[in-house]
Every structure is written in C-alpha cells, then in structure tokens.
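Report on the structure given below.
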Amino acid sequence: MIEISHVDKWYSASFQVLKDCTTNVAKGEVVVVCGPSGSGKSTLIKCVNALEPFQKGDITVDGTKVNDPKTDLPKLRSRVGMVFQHFELFPHLKIIDNLCLAQEKVLGRAHDKSMAKGMQLLERVGLKEQAQKFPAQLSGGQQQRVAIARALAMDPIAMLFDEPTSALDPEMISEVLDVMVDLAREGMTMMVVTHEMGFARKVANRVIFMDRGEIVEDAPKDDFFGKPRSDRAQKFLSKILSH
Ligand SMILES: Nc1ncnc2c1ncn2[C@@H]1O[C@H](COP(=O)(O)OP(=O)(O)OP(=O)(O)O)[C@@H](O)[C@H]1O
Ligand SMILES: [Mg+2]
C-alpha cells in the first residue's frame, strides 16, 4: 500500500533530514515508527502524503507516485488519513460539522449522507452525545477521537498517525489507543509514530527505528522487542521501557 524507496530529503543545503529511507507497508499492516526526538519520524510520514516534498527517491501510495508532478495531491491526501499530536479540529465548528466539512467539500457528499456517516463514526469512537458541542468543550482525549473519526469519514485507504497520544493526560491515552487498536484489528493499513510500546506490542506487525534521518532498524515486532540488532535501538528501547 505504501512503498518508500531510497528517499533523501534536505531541509537546507547543509541539513539532510532523511537519508536513503526505504520501507514498505502492506495492505492491512500496522507499522510503528519510533526513535529519538529529531530523528526524522514526522518528516518521513509527512512525505507519505506529500505534506513535505523530498528531493530523491520515490514514494508510492496504492500505486500512485506521490512525487510525480502529475499526481493530484489533494486527491491523494483525501485518501490518506492523518492524525497529529495536536488535534487540529476547526474550533469554530461543532463536532459533527468538523466531521462533515471535508466529506462535502472534497468528496462532494450530500449533507444527509455526510451527517449519517459522521454520526456513525462518532458512535464508533464513543462520542455520539458530543456531536453538537464545540471542540473546546471536549477533553483532549475526546478531541483526538474526533480527529480520528474525521479522518475515517473520508474512507481512507491508509491512516498515518504522528504521536497521537503524546499531548494527552495519562488517563486519556488509553481511550485513544483503544480506538486505534480496534482500527488495526479491523485491518486498516496504519503507519504510527509513537512511543507507546504497549500499543506496538499489541497490534504492530513491524517496528521501524529511526536515528539521525536513517531507518536503522525495520523488524517484525517480536524480533524488535526480543533483541534489536543495532546498539542504538537497544539503548533507545531500554531507556523508554525503563519508565
Ligand atoms: N520545516 C523544517 N525546516 C527545517 N528543519 C526542520 C523542519 N522540520 C523539522 N526540521 C528538523 O528536522 C529534524 C527532524 O525533525 P522531525 O520533526 O521529523 O523529527 P521527529 O523524529 O519527528 O522528532 P520528535 O520526536 O521531536 O517529534 C529535526 O532536527 C528538526 O529540527
Ligand atoms: Mg515528530
């Protein structure tokens, strides 16, 4: 579903942020991306739905080449859901209207269809009762579940998550992870930047470890947690697991 092949990216002439990154995510696969701050995790997943350009290599999503100038990027982005650390809901729109907007503007869905889909997804993430509220009236965990529902309303072929729980209070983390675990178990293709190793153990097929712009490790979950090959990944893992 997602093929990343020899991607190099520079933010400036003197700063190469991604170095020869290659990996694939098969349909229905869940891949967790971890690594130290500044290693390029966010940059890599932003390249997948063309929120960031890159200078060398290729990325293909469901057969569409992201770095082909002829590719319809808004269309591609509408098919790849993205959930960020900060939920990025529209503050002036009610929850249900947050869910309807892109369905109608981008997919051209009729209002009754987008409302029905929106309500169905709010129910799925346990927030049907909050439909008429504004984002600021919801907790962080609830807002993040709305953001996930909003992405799902577009019938995405894959979902990208960038540290979706790292801005949340501990008691809200699990309510968001539960929604993500369900999604993974239903067969959604997912690329998830997270340091929630419990989530990785539960549903990841593979774990990618990045350091200084490189994919240092790309291993089946059990191999990664069993014993990472590289020293850098071992050190990183022992640090985060000791907390
Ligand atoms: N728009 C930008 N312009 C220039 N440099 C950037 C830009 N965005 C990120 N960087 C730099 O690129 C490097 C990788 O950033 P990135 O956000 O991808 O890392 P990350 O692994 O997601 O880190 P974190 O765990 O802190 O989120 C960092 O050194 C960062 O300062
Ligand atoms: Mg990041």
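The values are calculated or read from the model by the stated rules, or taken from the named source; none is laboratory data. Predicted model, so just to flag it, every value in this text is computed and none were measured. Cβ atoms come from the backbone with ideal geometry, glycine included; neighbour counts cover every protein chain shown. For accessibility, only protein heavy atoms count, side chains too; no ligands or nucleic acids. Shrake-Rupley method; radii C 1.70, N 1.55, O 1.52, S 1.80 Å.
Write down the Kirkwood hydrodynamic radius of segment 1-100, to one decimal in angstroms, obtained as one divided by the mean of 1/r over all alpha carbon pairs.
For segment 1-100, inverting the mean 1/r across all distinct Cα pairs yields 15.0 Å.
Please state the relative contact order of segment 35-79 as a whole percent: Cα pairs under 8 Å, 6+ residues apart? Provide the component values of the computation, followed by the final result.
Values: 31 pairs, mean separation 12.5, N = 45.
28 percent.
Using the alpha-carbon atoms, what tilt in degrees (0 to 90, nearest 10) does helix 170-185 show relative to the longest principal axis of the chain?
So the inclination is approximately 90 degrees.
Once both axes come from the Cα atoms, what is the angle between helix 140-152 and the longest principal axis of the chain, in degrees from 0 to 90, rounded to 10?
90
Restricting the calculation to Cα positions, tell me the Rg (one decimal) and the Dmax (whole number) of the chain in Å.
18.0, 55
Within the P(r) computed for segment 134-243, what percentage of the Cα pairs occupies the region above 24 Å? Don't skip to the end; give the middle numbers.
On the way: 1814 of 5995 pairs.
When all Cα pairs of segment 134-243 are counted, 30 percent exceed 24 Å.
Given 0.36 nm per residue, what is the gain on full extension from LEU51 to VAL106 after removing their alpha carbon distance, in nm?
My answer for the length gained is 18.1 nm.
Taking R0 as 30 Å, what FRET efficiency do you get between HIS6 and SER37 from their Cβ-Cβ distance, rounded to the nearest 0.05?
0.75
What is the angle, in °, between the Cα long axis of helix 95-105 and the longest principal axis of the Cα atoms in the chain? Nearest 10 is fine, range 0 to 90.
That works out to roughly 80 degrees.
Jot down the per residue volume, in cubic angstrom and as a whole number, of the convex hull over the alpha-carbon atoms of segment 168-217.
Given the Cα convex hull of segment 168-217, per-residue volume reads 89 Å³.
Compute the relative contact order of segment 99-243 as a whole-number percentage, counting only Cα pairs closer than 8 Å that sit 6 or more residues apart in sequence.
Relative contact order, segment 99-243: 16 percent.
Per residue, how much accessible surface does the chain expose to a 1.4 Å probe? Answer in Å², no decimals.
Values: 11540 Å² over 243 residues.
It amounts to 48 Å² per residue over the chain.
Report the extension gain between LYS202 and ALA116 in nm, rounded to one decimal, defined as 0.36 nm multiplied by the number of residues separating them, less their alpha carbon distance.
Values: separation 86, 0.36 × 86 = 30.96 nm, distance 3.15 nm.
Using 0.36 nm per residue and subtracting the Cα-Cα distance, I get 27.8 nm.
Please compute the modelled spin-label separation between HIS92 and GLU129, points set 7 Å along Cα→Cβ, answer in nm with one decimal.
So the label points at GLU129 and HIS92 sit 3.0 nm apart.
Between ALA167 and ASP223, what FRET efficiency comes out of the Förster formula 1/(1 + (r/R0)^6) with R0 = 35 Å and r the beta carbon distance, rounded to 0.05?
That pair, ASP223 with ALA167, gives E of 0.70.
Using a cut-off of 23 Å between alpha-carbon atoms, which lysines can reach LYS105, once sequence neighbours fewer than 8 places away in the same chain are excluded?
LYS46, LYS70, LYS75, LYS94, LYS113, LYS117, LYS128, LYS133
Among DSSP beta bridges lying fully in the chain, give the percent that are antiparallel, nearest 5.
55
Would you mind estimating how fast segment 148-189 diffuses translationally, via Stokes-Einstein at 37 °C and 0.692 mPa s with the Kirkwood radius over Cα pairs, in µm²/s? Don't skip to the end; give the middle numbers.
Details: Rh = 11.1 Å.
Value of D from the Cα-based Kirkwood radius: 296 µm²/s.
Please sort 46-56, 30-40, 68-78 by packing, taking for each peptide the average over its residues of neighbouring beta carbons within 10 angstrom, highest first.
Result, highest mean first: 30-40, 46-56, 68-78.
Tell me, what % of the accessible area of segment 193-235 is carbon and sulfur with a 1.4 angstrom probe?
Taking all protein chains in place, segment 193-235 shows 42 percent carbon and sulfur surface.
Okay, helix-only estimate at 222 nm for the chain: each DSSP H run of n ≥ 4 adds -39500 (n - 2.57), divide by all residues, round to 500 deg cm²/dmol; what do you get? The partial results should precede the final answer.
Numbers: 9 runs with 93 residues, N = 243.
Counting only the DSSP helices, I get -11500 deg cm²/dmol.
If the chain between SER139 and ASP62 were fully stretched, how many nm would it gain, using 0.36 nm times the residue separation less the Cα-Cα distance?
Full extension of this stretch gives 24.2 nm more.
If we restrict to alpha carbons, what Rg and Dmax does segment 29-169 come to, in Å?
Cα only, segment 29-169: 15.9, 47 Å (Rg, Dmax).
Tell me, what is the 1.4 Å probe accessible area of ILE157, in Å² to the nearest 10?
ILE157 exposes around 30 Å² with every protein chain in place.
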